[in-house]
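Here, each number is a calculation from the coordinates, and none is a lab measurement. None of the values given here were measured: they were computed from a predicted structure. Reconstructed Cβ throughout: ideal geometry from the backbone, glycine too, with neighbour counts over all protein chains shown.
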Amino acid sequence: MTRHATAMSAIEIEQFLSQISAAEPCGENLEYDPVFVEMEKLAQGTPERQYGNTIIPAEPPNWGGIKKMALGLLSRTKDLRVAVYLTRALLYTDGLEGFRDGLVLLRGLIEQFWDEVHPKLDPDDGYDSTLRVNIVEVLIDPEETLRSLKEWPLVVSRVAGRFSYRDIQIAAGELKPIVAKDDKTPLPEQAMIDSAFQDVDLMELKGTADALAGIKENTQMIEALITERVGITQSANLELLRKLAQDMYSVVAGWLSRRGYVEPTVETAMTDDAETAGAVDATGVPRESRLVVGELNSREEVIRAIDKMCEYFSRYEPSSPVPFLLKRARRLMSKDFMEVLRDLAPGGTDHAKVILGLDETSAG
């Protein structure tokens with residue numbers, strides 16, 4: 001089985017939560033920019049076409065292209081429309097983890113830039129927030145978003161296959177599928193779904209559960225932040241997305257429990273480097289070093305700890321400036337004293353040499 005890799009953000013969230021400029025923190029309104037227009041066009045996909053007796057099937061949106069365009073636009077503007085397009089695209093390009101990261105970004109834009117984010121509130125219209133709310137509520141559109149989530153694989157097994165939440169509903173008799181007359185695809189069976197959940201790598205399953213928990217949490221926060229700014233009667237209602245994320249999470253968390261997964265404590269997480277060096281799991285894949293809370297015994301462990309802290313802030317506190325300082329500290333770890341001083345205070349190195357009696361040869 002493929003091991004679940006250490007969770008990393010699909011996008012550099014903190015980068016897109018930095019001001020575009022001091023004069024225009026959210027940049028320009030790029031609604032009529034050619035890239036923006038092309039992104040919206042791509043999101044429509046290509047409808048079914050007929051030429052004579054030839055029928056060309058409809059084609060889905062180019063989500064990879066949409067992601068690329070959205071990221072480019074976000075380097076020049078902060079726009080809720082672009083963030084929602086990116087969030088939808090990230091599901092297809094980076095899975096549930098990507099969708100969660102898109103929500104983290106959207107949450108950060110609302111939390112940190114509500115007054116200036118595009119589309120801007122119009123004072124001549126009483127700062128009406130209806131347009132912004134409608135943009136965010138694309139996340140509960142049954143066809144635009146919810147269907148995609150329901151059909152995204154919750155479990156992927158090389159032995160039993162891949163199954164989505166929709167498949168699980170069909171197997172449980174909760175959803176009656178609409179099947180074309182010439183469609184010979186077998187309907188999902190509960191036994192095969194159970195087999196897939198039993199077969200999949202446990203940490204991969206845990207990663208899916210974490211992503212779904214993050215989707216639910218950030219959906220709640222987006223709704224709460226908008227309510228705080230516009231009032232409950234004018235706010236976005238994202239209950240459908242919250243409930244779907246919770247239902248999907250319950251399925252995965254239930255299987256984690258059935259398979260005996262227990263959240264590691266500080267004590268169980270701490271391992272001796274000598275014991276884990278070169279160790280392999282049951283599949284023959286080297287075990288990943290686990291970040292632990294406790295004593296750090298090497299520079300490499302410190303670097304991993306900093307990376308983990310940056311990951312935490314990126315996911316749960318995307319508007320925090322702390323990751324910038326942490327990343328700077330990480331970069332300085334390989335430098336000597338004078339190199340660090342030059343980086344932190346370029347004009348202070350001469351004074352330091354005089355006070356400490358250092359020269360260029362002894363500075364290291």
Please find the FRET efficiency linking ASP141 to GLN234, where r is the Cβ-Cβ separation and R0 is fixed at 22 Å, and quote it to the nearest 0.05. 0.70
Amide proton proximity set for THR77, modelled H, under 5 Å, gap of 5+: none
In the neighbourhood of ARG147 defined by beta carbon distances under 11 Å, the net charge of the other residues (Lys, Arg +1; Asp, Glu -1) is -2
What FRET efficiency would be calculated for the residue pair THR185, GLU40, taking the C-beta separation as r and a Förster radius of 51 Å, to the nearest 0.05? 0.95
Past the 18 Å Cα-Cα mark, which pairs from LYS68/LYS308; LYS68/LYS206; LYS67/LYS327; LYS78/LYS308; LYS41/LYS67? LYS68/LYS308; LYS68/LYS206; LYS67/LYS327; LYS78/LYS308
